[in-house]
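Asker: Here's a structure for you.
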Amino acid sequence: MLDRKGIYERVMTQYSVTRPVDLARKLGVKPQVVLQWKDGVRQVPWHRLKVLVDAQCLSWNWLIDGKEPKYRNPIKEESGHPFDRHGINQRFLSLFSDYSNAKLGKELGVRDTTVFKWRHDMEQVSWERLKYAIDSKGVTWDWLIEGL
């Protein structure tokens, strides 16, 4: 299960703030939105996490699951590249390449039309489904999100 509250706590730590209102000011969002992140009602958007990961050379594995190492090696990686939703979907789907839309949908608890939308980049694979791939296929967040 994806720990949305843990992600929120790590984001707060990395932005060096202790109050949701301070994070809201730093990110230019409404405090109510940050409170929903804190309560785990909504997930922190990927593009917000991408900015933090690139700026501080963080490991996606640490930011999402709290697993060490916290930082990536900046020498080996090119920072600042655009967030690649297509690449995430494609890497995720490659892990289940032998599955039909119906079979993958059943395994993940979604409709086969949702899988069709993922395959055709009409919809982004959700965090919870990405987490399932991390847990079941033994890949890392860094690979799944950025291909590293």
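Rule-based calculations on the coordinates, nothing more; no lab input. All values derive from a computational prediction rather than experimental measurement. Backbone-built Cβ (ideal geometry, glycine too); neighbour counts: all protein chains shown.
Asker: Within 10 Å, count the other beta carbons around each residue, average over each peptide in 2-8, 57-63, 22-28, and list them highest first.
Answerer: Going by the mean number of other Cβ atoms within 10 Å, highest first, we get 57-63, 2-8, 22-28.
Asker: What residue among Gln124, Gln14, Gln32 has the largest mean-square fluctuation in a Gaussian network model of the chain, using Cα springs under 10 Å?
Answerer: Most flexible of the set in this elastic network: Gln32.
Asker: Could I ask something else about it? Quick one: 3J(HN,Hα) in Hz for region 57-69, Karplus 6.51/-1.76/1.60 with θ = phi - 60°, rounded, Gly and Pro as x.
Answerer: 6, 7, 7, 4, 4, 6, 4, 8, 10, x, 8, 6, x
Asker: Follow-up. Round to the nearest 0.05 the FRET efficiency obtained for Thr13 and Asp135 when R0 = 30 Å and r is the Cβ-Cβ distance.
Answerer: 0.80
Asker: Taking 8 Å as the Cα distance limit and 6 or more residues as the minimum spacing, I'd like the relative contact order of the chain as a percentage.
Answerer: For the chain, the relative contact order is 22 percent.
Asker: To continue, here is another question. Under the Karplus relation 6.51 cos²θ - 1.76 cosθ + 1.60, θ = phi - 60°, what is the ordered set of whole-Hz ³J(HN,Hα) values for region 90-102, x standing for Gly and Pro?
Answerer: My calculation for region 90-102 gives 5, 5, 4, 5, 5, 6, 10, 4, 8, 9, 6, 4, 5 Hz in order.
Asker: For Leu58, list long-range residues whose amide hydrogen, built 1.01 Å from N in the peptide plane, is under 5 Å from its own amide hydrogen.
Answerer: Those lying under 5 Å, H to H, from Leu58 are Arg72.
Asker: Listed here are the pairs Lys26/Lys67; Lys70/Lys103; Lys50/Lys117; which of them are more than 27 Å apart at the Cα?
Answerer: Table pairs above 27 Å Cα-Cα are Lys70/Lys103.
Asker: What are the ³J(HN,Hα) couplings of region 45-55, residue after residue, when phi is run through the Karplus curve with 6.51, -1.76, 1.60 and θ = phi - 60°? Round to Hz, x for glycine and proline.
Answerer: Each residue's phi maps through the Karplus curve to give x, 3, 5, 5, 5, 4, 4, 5, 4, 5, 5 Hz.
Asker: As a test of the formula, what do you get for the chain when each DSSP H run with n ≥ 4 contributes -39,500 (n - 2.57) and the sum is divided by the residue count, at 222 nm and rounded to the nearest 500 deg cm²/dmol?
Answerer: Rounded to the nearest 500, the figure is -16500 deg cm²/dmol.
Asker: Quick check: pseudo-label points 7 Å beyond the Cα along Cα→Cβ at Leu148 and Ser94, how many nm apart are they?
Answerer: For Leu148 paired with Ser94, the spin-label model returns 1.7 nm.
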